[in-house]
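Structure first, then comments.
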Amino acid sequence: MAGPVHYEIYIRKTANADWTLLMANEDRRFSITTAEEVIRDRIAAAVKVTKETLNPATMEFSTVNVLRLGTPDPVRKKSKIEGPTGPACRTPAELYTLHARESLGQVLEDWLRRQGATAFELLHSPLLAERLDASGAEVQHAIQKVAVPESQATGQDVHALIRIYQKLADDTVERIARAGRKGEFDDPARIPIEQIAEKLQGHPDRAFRMGGAVARGLEGKVGARARLATLLEMCDRAPAAGPVRAMIMVPVEQILCEMLAARYNLPELFGPSLDQGATLAAVVRMVAPVEVATIVAQDPKLAVMVPPVDGPAARLGERLAAGDFPMVAAALAKMVLRELTSQRRLHSGDAEGEINILRALAMSLTAAAGRLLTLEEVQNAFIERSRLLVNADFVAAYVKDCPNVLAEAERLARLSDNVTGGSSKRAAARWLEACISSLRFETEIRGQVSPPTHKLASLRRLQQAIEGAGLTGKDAENAVITLGNLGARIADEARLLPQIVNAPKPLAQRLSVLLKIATGEAAPFGKLTDQARAEVIKVIRSTEGRELLKTSPELLRSLAPLMKSAEAAA
C-alpha cells in the first residue's frame, strides 16, 4: 500500500488452512465490511483485519488486530523444522508491501535501471508492466532468483515455487494492464494532480489509482534530475494540509525512497564527476544545508571537499529541512550508514583524499546529529570505518608516496588522529611505534644535513602530533619515549647544550634558547629537556643569573614553572 497507515484482510479458506492475504486498502470501514461479507457469504472459514502503521524512523510496520471472525485458529504441533510453508507472496496485493517492493527492486535492478524507473512505478504503470512481461527472459530470471534461494531455505519444491511465482507475475501484470485499459490511472498532464487526488477521496482503491497517476506523470521523463523535478512539481501543487495533500505526498515519497536508494541515480543528481565520498557529502549537505553551510563558513577547506547542491536536489533539501518526507530522510540515513560501514573505498586510489573526506563527513554528520542520524549512530559508523583505515592495505597506500621516513611518521600520526574507537587507536599506535622505532627512522633523521635544531624541532612536532591524537597504551608511550631518546642522541653528537652554555652571547639570549629546549618548545620531551632544565636552573642560581632576573620581569615569569620544579626537587 502507498499510505503510512493501511488495513490488510487475511482469510483461512478452511479451518486448518494458513492465513493468506485477501486484499489491502486504506479504508477501515470498507475493510471491516468486506471481512463481514466474506464470513456471511461463506467464502472462507475465518477472516481477520489488521491495521498496519509505518514507523518512518525504522521503516517497519506495527500490526494491530482490528477484527477477527470465523473459526478459531487450529492448534498445531510444533514441527522440528520451523519455517514458512508456502511462497513469500501469493497474491498481487502482497507485492505492494514495502518488503516485497524492496525484493522486486533487487531482482529487477538491471532492468529497472535500463528503464529509468522504480519498483513502485512498475507496479503502477501498464506501460512498464507490459514491457517487462514482453521481455520474457527478464521475468524468468527474476523468478528464479527468488524461487531458488527460497526453496533451499524452506525445503519446498523449486519447480512448484516457480509455477506459483509465474502465475503471480501474470496476475499482477493483468491487473495493472486491466486498470490501464479501463482508464483508472488519470494523466497529471491533462488533469491537475490535486484534482485527481480530490476525485479519489473515499474510493476503496484510491492508493492504487493515485500511485498509477503519479507513475503516469513520470512517463517520458528521462534522468534522475528530470524525474525528481517532476515529482517536486506535483508536491508544489498539493494543498498545505489535509487528506488531498497526503494522497499526493505518500506515493511521491515512496518513489523518492526507491529512487534515492538506487546508487546509480546519485551521480546524476549531484554531479557525475563526484566519487563516492563526495556524493555522500553532497547527500548530507542536501539533508542539512544550514548546518553544513555553517561549518563550511568556519572552515573554508571544507568548501572544496563538500560539493554544492543545486537544482532539484536543493529543492528536495529545502523540503527535507522543513520536515517533509520523513521516510526519505530515513532512507538517506540508512544509505549513509550503509556506505560508511561497507568495505567500499570512498576515495578510490587516493588514501589522503579519503582521510580528508571522512573528516568532512564526520564534522557534517555531527553537526546534523538528531536530524539525519543520532550522535551514537554517527560515532558507531566512524568506529566501523576506522577499522578499515588501519588495515595493512590502506596504511601501505596512505604512506607509499612519502619522500622520507619522517613524512611517513607524520602521516601515520595524522591517521591516528582521524581514527576513532579503542581498537583502531591501538592499531594506529602500533603502526606509528613500528615506524618510529625502526632503524631506518633513526638512520635517516641522524643522517640529515640540516642543523640539529631543525631535527629536534621536527621530532617535537611529531611528538606533539602523537600527544594530540588521543593515543593510549604502551605503543604510544614507547613512540614518545623513542623520539625523546633520539633527540638526546642528536644533541649529544652535536654537543648542543655545551655550545649554547659557552656561546659568546648575552646571558639572556643563551637562557632563552635553553628555556625553549627545557620546556619542549624546540626539542622533544625526554632526556634532553631534563638536561636543558638542569642547565637553566644552574644559570638562574648563579650570581649573574640572579642579577639578570632582577632586570627582566618577563624572563622571570617564564622561568617560574622551572623554579618551582627545582624547589620541589631540592
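Quick look at the values:
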quantity: Lys, Arg +1 and Asp, Glu -1 on Cβ, resulting dipole of the chain about Cα centre, debye, nearest 20; calculated: 1060
quantity: Tensor-based shape of segment 169-235 (alpha-carbon gyration tensor, a/c under 1.5 rounded, otherwise prolate or oblate); calculated: oblate
quantity: Qualifying lysines (Cα of each under 27 Å from Cα of residue 48; at least 8 residues distant if same chain); calculated: 13, 77, 78, 167
quantity: Normalised convex hull volume, segment 19-58, alpha-carbon set, Å³ per residue; calculated: 74
quantity: Residue 114 accessible area, 1.4 Å probe, all protein chains in place, Å² to nearest 10; calculated: 150
quantity: Long-range Cα-Cα pairs in segment 350-413 (distance over 17 Å), rounded percent; calculated: 48
quantity: Over the chain, relative contact order from alpha-carbon pairs under 8 Å, at least 6 apart, %; calculated: 8
quantity: Of 455/516; 51/145; 516/538; 400/474, those spanning more than 21 Å from alpha-carbon to alpha-carbon; calculated: 51/145; 400/474
quantity: Cα extents of segment 468-556 along the three principal axes, largest first (Å); calculated: 46, 28, 16
quantity: Largest to smallest accessible area among 10, 96 [probe 1.4 Å]; calculated: 10, 96
quantity: Segment 416-534 - convex hull of the alpha-carbon atoms, volume per residue in Å³; calculated: 96
quantity: Inter-label distance, nm, simple model (7 Å from Cα along the C-beta direction), residue 321/residue 397; calculated: 3.4
quantity: Kirkwood Rh (inverse of mean 1/r, distinct Cα pairs), segment 286-355, angstrom; calculated: 13.8
quantity: Helical contribution to [θ] at 222 nm, DSSP H n ≥ 4, -39,500 (n - 2.57), averaged over the chain, rounded to 500; calculated: -20500 deg cm²/dmol
quantity: Charge dipole (the chain, unit charges on Cβ, about Cα centre) - positive-most of 279, 431, 342; calculated: 431
quantity: Virtual spin-label span in nm between residue 508 and residue 443, 7 Å along Cα→Cβ; calculated: 4.7
quantity: Cα convex hull volume per residue for segment 280-435 (Å³); calculated: 111
quantity: Interatomic Cα distance distribution for segment 233-341, bins of 5 angstrom, percent; calculated: 2, 11, 21, 24, 19, 11, 7, 3, 1, 0
quantity: Alpha-carbon Rg/Rh ratio, for the chain, with Rh computed the Kirkwood way; calculated: 1.18
quantity: Proximal aspartates and glutamates relative to residue 199, as straight alpha-carbon distance under 19 Å, when same-chain residues fewer than 8 apart are discounted; calculated: 26, 27, 184, 186, 187, 236
quantity: Nearest-20 debye value, segment 376-503 charge dipole, Cβ charges on Lys, Arg, Asp, Glu; calculated: 260
quantity: Set of aspartates and glutamates with alpha-carbon distance to residue 182 below 16 Å, sequence-local pairs under 8 removed; calculated: 130, 174, 205
quantity: Under-5 Å amide H pairs with residue 67, H placed in peptide plane, nonlocal only; calculated: 49
quantity: Exposure ranking of 305, 286 by accessible area [1.4 Å probe, largest first]; calculated: 305, 286
quantity: Accessible-area value, residue 420, 1.4 Å probe, nucleic acids and ligands omitted, Å²; calculated: 60
quantity: Dipole magnitude of segment 399-449, debye to nearest 20 (Cβ charges: Lys/Arg +1, Asp/Glu -1, about Cα centre); calculated: 180
quantity: Dipole axis of the chain (+1 Lys, Arg; -1 Asp, Glu on Cβ), positive-most option in 422, 499, 369; calculated: 499
quantity: Dipole-positive endmost among 513, 309, 254 within the chain (Cβ charges, Cα centre); calculated: 513
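The values are calculated or read from the model by the stated rules, or taken from the named source; none is laboratory data. This is a predicted model, so every value here is computed, not measured. A quick note on method: Cβ atoms are made from the backbone with ideal geometry, for glycine too, and the neighbour counts reach across all protein chains shown. These accessible areas exclude ligands, DNA and RNA; they are computed on the full protein's heavy atoms, side chains included. Shrake-Rupley method; radii C 1.70, N 1.55, O 1.52, S 1.80 Å.
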